[in-house]
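Written out below as structure tokens is the structure these notes cover.
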Amino acid sequence: MTKEEKALVIDSLAAQLNEYPHFYITNIEALNAEKTASLRRKCFENGIKLIVVKNTLLRKALERVEKADADLVGVLEGSTSIMFAQTGKAPAVLIKEFRKSNDKPLLKAAYVEGCVYVGDDQLEALCNVKSREELIGDIVALLQSPAKNVISALQGSAGQKIAGIVKTLESRN
């Protein structure tokens with residue numbers, strides 16, 4: 001591979017690292033062609049982009065986009081593939097589902113919601129990560145709960161008493 005080709009690959013990787021907010025660094029080594037094709041198909045169906053990369057080129061792309069965390073760079077050994085996704089937990093759920101019938105892919109590291117997760121033991125935690133939108137929805141639901149209680153109280157018998165008191169006060173003026 002010439003220097004120009006390497007520069008193009010690094011530019012492409014850097015663009016994808018900027019385009020996708022979440023990525024998983026995995027090891028799919030030793031999957032045969034049929035299983036690799038199946039994994040790629042499942043990735044495509046779930047909106048996940050899977051590519052195999054050279055460690056040195058990925059390291060340079062991470063440095064270029066300032067995501068070269070020491071933990072991320074430390075896992076760049078052996079066979080490496082990267083999964084890009086718009087949804088943080090989608091690749092984790094896919095990996096977990098795929099490993100029900102296979103022993104790979106193994107999770108080396110992940111960059112999700114601005115945090116770095118290192119090691120295959122983090123897969124379960126990544127499956128449970130809530131997106132920013134889900135967290136906002138939870139907060140809105142919690143804030144609406146007290147307001148719903150007040151409204152239901154006003155609509156019930158307590159509300160009729162309050163309405164009667166208001167009418168009495170209005171008639172005195």
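The values are calculated or read from the model by the stated rules, or taken from the named source; none is laboratory data. Only a predicted model underlies this, so the values are computations on that prediction, with no experimental measurement involved. A quick note on method: Cβ atoms are made from the backbone with ideal geometry, for glycine too, and the neighbour counts reach across all protein chains shown. Side chains are part of the model used for accessible areas, which takes the heavy atoms of the whole protein and leaves out ligands, DNA and RNA. Shrake-Rupley method; radii C 1.70, N 1.55, O 1.52, S 1.80 Å.
Quick rundown of the values:
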quantity	calculated
Residue that is nearest to Tyr117 (Cα to Cα) [pool: residues in the stretch 53-80 that are open to solvent by less than 80 Å² (accessible area, probe 1.4 Å), outside any loop (DSSP other than H, G, I, E, B) and in contact (Cβ under 8 Å) with a residue 40 or more places away in the chain]	Leu72
Failed condition for Lys100, given (1) more than 30 Å from Thr36 (Cβ to Cβ); (2) of a type in the set (Lys, Arg); (3) at pLDDT 85 or above	(1)
Filter result (of a type in the set (A, V, I, L, M, F, W, C), surrounded by fewer than 18 Cβ atoms within 10 Å (Cβ to Cβ) and either modelled with pLDDT under 90 or within 23 Å of Asp11 (Cβ to Cβ) (or both)) within the stretch 34-52	Ile51, Val52
Ala30 vs. criteria open to solvent by 30 Å² or more (accessible area, probe 1.4 Å), without any contact (Cβ under 8 Å) to a residue 24 or more places away in the chain and of a type outside the set (D, E, K, R)	no
Subset of the stretch 29-60 (residues that are of a type in the set (S, T, N, Q) and in contact with a helix residue (DSSP H, G or I) (Cβ under 6 Å, 6 or more places away or on another chain))	Asn46
Hits in the stretch 96-135 - residues which are under 13 Å from the mean Cα position of the chain (by Cα) and among the β-branched types (Val, Ile, Thr)	Val112, Val116, Val129
Residue within the stretch 124-134 that is of a type in the set (Ser, Thr, Tyr), touching a residue at least 24 places away in the same chain (Cβ under 8 Å) and open to solvent by less than 40 Å² (accessible area, probe 1.4 Å) present	yes
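A quick yes/no check of all residues on (1) among the aromatic types (Phe, Trp, Tyr); (2) at pLDDT below 75; (3) open to solvent by 70 Å² or more (accessible area, probe 1.4 Å); (4) not in a helix (DSSP H, G or I):
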{"position": "Thr87", "(1), (2), (3), (4)": "no, no, yes, yes"}
{"position": "Pro91", "(1), (2), (3), (4)": "no, no, no, no"}
{"position": "Leu94", "(1), (2), (3), (4)": "no, no, no, no"}
{"position": "Ala110", "(1), (2), (3), (4)": "no, no, no, yes"}
{"position": "Ile136", "(1), (2), (3), (4)": "no, no, yes, no"}
{"position": "Gln144", "(1), (2), (3), (4)": "no, yes, yes, no"}
{"position": "Val150", "(1), (2), (3), (4)": "no, yes, yes, no"}
{"position": "Ala153", "(1), (2), (3), (4)": "no, yes, no, no"}
{"position": "Thr168", "(1), (2), (3), (4)": "no, yes, no, no"}
